[in-house]
Amino acid sequence: MRFFKKTSIAFMQKRRLWYSISASLILIGLISLFFKGLDFGTDFVGGTELIVQFKDNVAVGDIRTAMDRIGVRQAEIKTFGSEKDILIRTEIQGEGTTIGQQIRSGLAASIPNNPFTVLKEDKIGPKVGAELRRDAIYAVIASLIAIMLYVAFRFKFIYGVGAVFALFHDVLVTLGLISLCNGLLPQLNLEISQNIVAAFLTLVGLSVNDTVVIFDRIRENQKIFRSMNLIDLVNKSLNETLSRTIITSGTIFLVLVVLFFLGGEVNRGFAFTLLFGIITGTYSSIYIASAIVVDWSKRTQRKAQLID
């Protein structure tokens with residue numbers, strides 16, 4: 001199945017413009033990360049976190065009053081989607097699930113006429129949280145290194161470098177977007193949790209898959225069209241894989257849209273991260289990974305000509 005029978009888009013002629021756009025997006029994200037930062041969930045900071053769903057709307061002030069009565073002060077309390085869904089987080093540590101049970105009992109006593117259901121409960125110790133935060137960083141870095149070595153071995157070293165630059169681009173742009181958008185809407189909870197880390201690792205896999213398909217076509221065309229200019233050859237390869245890229249990324253995008261709106265509050269952060277990750281991953285396969293290969297190859301050719 002092909003959406004586009006035959007296209008002749010001059011992708012590489014605009015690569016410097018897209019370099020500038022990518023650099024601007026990364027800069028905006030880094031500024032947001034520096035000034036606004038990221039909110040880490042209980043997975044990474046430790047403590048107890050509950051997401052409760054009440055039968056009727058409830059005021060955050062009433063929840064805070066209930067927490068003060070049971071001695072859980074300075075707890076983070078906010079709506080989690082609707083006025084019925086409340087996230088309660090405290091860094092207070094207790095044996096087993098005693099803090100969670102204390103919170104449930106306090107809510108039932110203070111708001112007896114509005115029954116609730118606990119959608120999610122997490123308890124993480126501070127040491128475990130620090131280890132998870134460190135291991136999450138290691139996991140992302142290790143995946144990038146492994147992908148660079150794989151692509152470099154399968155193609156050429158510069159192909160591996162281009163693929164990893166594209167993946168760094170995807171991670172930085174998406175991370176900056178999370179920082180910018182977190183807290184803008186009560187329905188959108190973008191705290192860094194294990195779900196978000198899983199979304200980033202999934203993004204890395206999906207992005208490199210698209211990149212490898214394009215690199216495969218470039219290598220095939222290099223054998224067939226030996227006299228063709230490199231930029232024209234890369235453009236030809238990108239146009240030939242464009243339909244496949246649209247179908248693959250588009251179907252994943254539609255699934256994530258459904259998950260974002262119908263998958264519940266707990267999965268919304270995961271879906272949001274991957275939604276924009278798919279867009280940046282598809283874009284970077286063309287305008288970062290392939291463009292870096294073109295510029296490096298042209299630079300190598302110029303050096304060779306000067307030596308000759």
Helix 230-262 vs. the chain, principal-axis angle (Cα, 0 to 90°, nearest 10): 20 degrees
Mean residue ellipticity (222 nm) of the chain, computed from DSSP H runs ≥ 4 via -39,500 (n - 2.57), nearest 500: -22500 deg cm²/dmol
Using alpha-carbon coordinates, inclination of helix 60-69 to the longest axis of the chain, degrees: 50 degrees
Portion, in percent, of the accessible area of the stretch 21-180 that falls on carbon or sulfur, probe 1.4 Å: 62 percent
Computed FRET value (nearest 0.05) for Glu91 with Phe253, which takes r as the C-beta separation and R₀ as 45 Å: 0.75
Average accessible area per residue (Å²) across the chain - probe 1.4 Å, nucleic acids and ligands excluded: 52 Å²
Partners for Lys120 among aspartates and glutamates (Cα-Cα distance below 19 Å; same-chain residues under 8 apart left out): Asp39, Asp43, Glu49, Asp56, Glu76, Glu83, Asp85, Glu91, Glu95, Glu191, Glu265
Sequence-distant lysines (8 or more away, or on other chains) whose Cα lies within less than 16 Å of Lys156: Lys223, Lys298
Area projected by the alpha carbon convex hull of the stretch 221-264, averaged over all directions, nm²: 3.8 nm²
Debye, to nearest 20: dipole size of the chain, +1 on Lys, Arg Cβ, -1 on Asp, Glu Cβ: 1540 debye
Mean-position separation - Cα centroids, the stretch 148-177 and the stretch 252-272, in angstrom: 26 Å
Range of Cα positions in the chain per principal axis (Å), largest first: 83, 39, 29
Unit charges at the beta carbon, dipole of the chain: most positive-side option, Thr42, Val173, Leu238: Leu238
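The values are calculated or read from the model by the stated rules, or taken from the named source; none is laboratory data. Because the structure is predicted, anything quoted here is derived from the model rather than measured. With ideal geometry, Cβ positions are generated from the backbone for all residues, glycine too; neighbour counts draw on all protein chains shown. Just so you know, the surface numbers come from the protein's heavy atoms only, side chains and all, with ligands and any DNA or RNA stripped out. Shrake-Rupley method; radii C 1.70, N 1.55, O 1.52, S 1.80 Å.
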